[in-house]
1. Using per-residue counts of other Cβ atoms within 10 Å, averaged over each peptide, order B:372-381, B:43-52 from highest down.
2. Once the other residues with Cβ under 9 Å from the Cβ of A:PRO268 are scored (Lys, Arg +1; Asp, Glu -1), what is the net sum?
3. At what distance in angstrom do the alpha carbon centres of segment A:201-247 and segment A:156-198 lie from each other?
4. Normalising by the residue count of segment B:5-269, find the relative contact order in percent from Cα pairs under 8 Å and 6+ residues apart.
5. Hey, could you pull the Cα Rg and Dmax for chain A, both in Å?
6. Roughly how far apart, in whole Å, are the Cα centres of segment A:384-444 and segment A:103-138?
7. Please check segment B:364-384 for residues whose accessible area, probe 1.4 Å, is lower by 20 Å² or more when all protein chains are in place than in their chain alone.
8. Relative to the isolated chain, which residues of segment B:311-331 have their accessible area cut by 50 Å² or more in the presence of all protein chains (1.4 Å probe, heavy atoms, no ligands or nucleic acids)?
Protein chains: 2
Amino acid sequence: MTDLIHPLLLCGGSGTRLWPLSRKSFPKQFTQLIGDESLFQASARRLSGPGFAPPLVVTASDFRFIVTEQLAGIETAAAATLIEPEGRNTAPAILAGALVLAAEDPAALMLVAPSDHVIPDAARFREAVQAAAPEARSGRLVTFGIRPDRAETGYGWLELSRDPGDFAPEAQPLQAFVEKPDAATAQAMLDGGRHLWNAGIFLLRADALIAAFETHAPAMLAGVRDAVARATRDLGFTRLAPDAWAGLDDISIDYAVMEKADSLSVVPYAGAWSDLGGWDAVWREQGPDDHGVVTTGPATAIDCEGTLLRAEHEGQALVGIGLRDMIAVAMPDAVLVAPRDRAQDVKKAVAALKAKGLPQAEALPRDFRPWGWFESLVVGPRFQVKRIHVHPGAALSLQSHHHRAEHWIVVQGTAKVTIDDEVRLVTENQSVYIPLGAVHRMENPGKVNMVLIEVQTGSYLGEDDILRFEDVYART
Amino acid sequence: MTDLIHPLLLCGGSGTRLWPLSRKSFPKQFTQLIGDESLFQASARRLSGPGFAPPLVVTASDFRFIVTEQLAGIETAAAATLIEPEGRNTAPAILAGALVLAAEDPAALMLVAPSDHVIPDAARFREAVQAAAPEARSGRLVTFGIRPDRAETGYGWLELSRDPGDFAPEAQPLQAFVEKPDAATAQAMLDGGRHLWNAGIFLLRADALIAAFETHAPAMLAGVRDAVARATRDLGFTRLAPDAWAGLDDISIDYAVMEKADSLSVVPYAGAWSDLGGWDAVWREQGPDDHGVVTTGPATAIDCEGTLLRAEHEGQALVGIGLRDMIAVAMPDAVLVAPRDRAQDVKKAVAALKAKGLPQAEALPRDFRPWGWFESLVVGPRFQVKRIHVHPGAALSLQSHHHRAEHWIVVQGTAKVTIDDEVRLVTENQSVYIPLGAVHRMENPGKVNMVLIEVQTGSYLGEDDILRFEDVYART
């Protein structure tokens with residue numbers, strides 16, 4: 001048991017630089033930016049298999065069901081999912097994971113990893129992690145240093161104490177952390193060969209990390225201990241105590257302890273890695289063709305160079321003509337166009353849309369709920385049509401509406417429908433009518449997803465016209 | 001009666017340079033490119049009021065119901081709508097209009113106008129037309145010359161016989177037609193002040209035009225006479241005889257007769273005019289701001305210059321960051337991005353999509369039918385949801401399907417539904433079920449539009465799974 005490495009997947013963040021694909025309600029780590037899996041799924045899969053325990057996940061409350069669903073999608077489940085009441089950067093999140101793990105086994109080895117990075121060669125990365133294990137078991141805090149291939153100013157760097165030679169994954173003492181450098185410093189580090197990129201990935205014993213907090217951030221340790229001790233269980237999620245969490249500093253693990261600790265080692269990693277910090281990075285990682293062009297989905301590039309054309313929906317064609325070093329990302333509800341060298345200004349777009357009150361700034365058309373998801377297909381005068389997906393075994397709340405009646409047509413699977421005192425099964429190609437005011441509930445009693453089309457009619461169709469009587473997800 | 005001017009609106013064309021807004025199934029003239037009306041509606045309205053008779057319209061079969069619906073939208077109707085069996089450029093279309101008009105009144109004055117141009121000052125243009133009337137009544141073929149404001153190489157030009165002076169709308173003999181010039185020639189004509197743009201707008205007596213064809217294109221006159229003589233009436237449309245039409249030359253009115261006739265006059269027009277020949281022209285006509293930026297719909301420009309950002313759908317946000325002299329047009333099913341100076345290459349995009357077999361090349365999601373229109377809201381495995389609009393008094397064909405059942409939920413108006421031997425009225429918030437194989441029909445017996453949501457389920461959901469038994473639009 002103690003031989004296993006416990007991945008701690010950090011996935012509470014929500015950046016804006018990959019808008020419109022990444023939104024506050026469904027951030028980057030859950031999107032399919034590269035390949036067929038989300039970055040989170042790829043991260044979980046990368047740290048699985050022989051030698052790895054099921055992952056611990058730290059996430060935000062809004063994302064807890066996405067985490068469960070995405071892990072189920074790769075046929076795995078978290079050992080525990082910790083819910084941060086609010087984002088407080090990486091230090092409290094990682095410490096909470098260490099405390100939860102140490103409660104079972106203080107000497108447990110924990111691999112701390114962001115869940116929104118790309119590391120294409122998973123086997124090679126796992127080998128590097130296993131190679132670092134003896135050093136971590138000895139009580140050292142091991143970080144991984146990525147071999148740089150350009151003078152990147154967007155990353156922090158790690159200074160080695162000796163030449164990495166042929167980049168064998170051998171641990172050596174870390175000389176120093178280097179903050180995001182200017183271009184000249186970055187070039188000098190690249191040329192010198194003694195500096196690697198800081199990927200924010202650590203392998204360490206839970207008790208060694210806790211000891212480092214004891215020394216360098218004792219107030220945070222006390223606060224996080226309290227938040228973990230008074231955590232509540234909710235449908236299998238571990239909700240850290242909000243009042244304890246509220247008092248914690250918003251600080252990264254590097255600032256809180258790593259830069260102060262003297263027991264740090266670094267293991268070089270010579271494989272490919274990217275934090276996908278913007279659309280320019282996505283373009284680079286997707287592998288541009290001979291003209292520097294990357295297309296995804298039904299996108300067509302005519303006489304383009306150095307350009308990323310992403311069409312995120314099968315039904316939406318994107319065409320670029322004569323583009324040079326541009327990014328265009330098309331979704332049915334939002335489109336972004338910018339030069340590649342302005343990729344870091346995408347956050348300005350999000351701020352501008354937010355200021356205009358446009359929902360696209362933060363929300364996707366698809367709304368994820370504990371029981372599945374829905375999306376609005378069309379909104380007209382006095383009517384709305386929704387597509388609703390309900391997971392096997394899931395149930396919506398028992399509810400009623402003051403202003404609308406609903407027609408439900410099941411198009412896949414079987415629904416168990418309660419209307420006032422009557423319960424019935426409704427299967428594919430059958431419909432039911434929910435009169436205005438009727439108390440009703442929809443459940444999926446089956447083993448496959450249930451999909452239904454809901455046609456609402458009425459004078460007011462807002463999501464807030466809902467009176468909840470009972471809810472298995474405690475939302476009444 | 002003979003004092004009235006009869007507009008002949010040409011709207012059979014379907015160019016590709018304004019894709020994705022303009023498509024083969026719903027071309028430019030019917031789109032809202034500028035202002036709240038379509039270009040066709042604005043053209044019809046421009047040539048209406050005191051002194052103008054109801055318009056004659058020449059269009060393609062696929063567009064006949066769009067013509068009727070758009071004219072109804074501005075509370076007018078065509079005196080006659082001629083259906084061209086195939087596009088044959090402007091000469092046969094205009095001649096057919098003249099023959100139809102001459103049958104009633106050989107001396108009738110006809111104002112021939114494309115329906116996809118922009119002439120913002122309608123009152124001023126009507127004045128110019130009225131000013132040209134005496135010249136046309138005398139039997140001259142009068143064309144209108146637009147005052148140029150740039151050395152445009154995309155238009156044909158008209159050479160005057162004398163200086164236009166203050167551009168009073170006074171007729172003078174036309175010296176010559178000039179084909180689309182090179183840049184140096186265009187600049188010389190602009191500087192010389194003796195050349196105007198050829199807008200393809202004519203005022204002439206029907207019999208004078210027929211006489212010109214008699215002289216310069218007698219074979220075409222014989223063919224078009226035959227096509228008109230053997231035209232059939234179909235729901236109020238006049239279908240020109242296809243076999244006669246098939247033998248006609250594909251040729252413009254300029255080439256066929258105007259460049260050869262010696263009875264041409266020109267009336268100068270100093271107001272604004274554009275043929276909106278591409279997205280660069282749309283950008284120019286929409287009135288760029290101080291930064292040269294034009295935005296339409298929910299579009300946001302951040303640090304852009306010289307750029308057109310058009311978001312055609314309320315639910316789709318378009319954001320441009322740091323763009324210079326670019327065009328971006330976003331629709332839910334298609335997005336175009338190109339530099340402004342590549343606007344003429346948009347036709348390449350259409351060709352590329354057509355080669356890929358993508359429906360967006362030529363079709364819109366909304367499908368116009370004699371009875372109204374429908375659009376697919378979502379297509380899933382074994383199901384499809386459609387929104388269907390039926391005009392007052394209209395009826396779909398009596399039909400059945402082999403592979404699908406349908407649920408209909410009326411969300412606006414009242415439907416008269418026939419299912420096998422049963423007929424019933426279904427009103428807002430009511431639903432009916434059409435079993436697989438049932439013979440059924442949907443009608444709108446009311447005075448307002450009827451809107452329903454159709455949920456199809458079945459193993460095959462193609463439009464071609466339809467067996468028509470009766471159809472008021474003769475499609476069985």
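The values are calculated or read from the model by the stated rules, or taken from the named source; none is laboratory data. This structure is a prediction, so every number in the text was calculated from the model and none was measured. Here the Cβ is made from the backbone with ideal geometry for all residues, glycine too, and neighbour counts use every protein chain on show. Accessible surface is based on the protein model in full, side chains and every heavy atom, while ligands, DNA and RNA are left aside. Shrake-Rupley method; radii C 1.70, N 1.55, O 1.52, S 1.80 Å.
1. Final packing ranking: B:43-52, B:372-381.
2. Here the charged neighbours net out to 0.
3. 31 Å
4. This gives 24 percent for segment B:5-269.
5. 24.5, 76
6. Result: 46 Å between the Cα centres.
7. B:LEU377, B:VAL378, B:PRO381, B:ARG382, B:PHE383
8. Buried-area filter returns B:ALA317, B:VAL319, B:ILE321.
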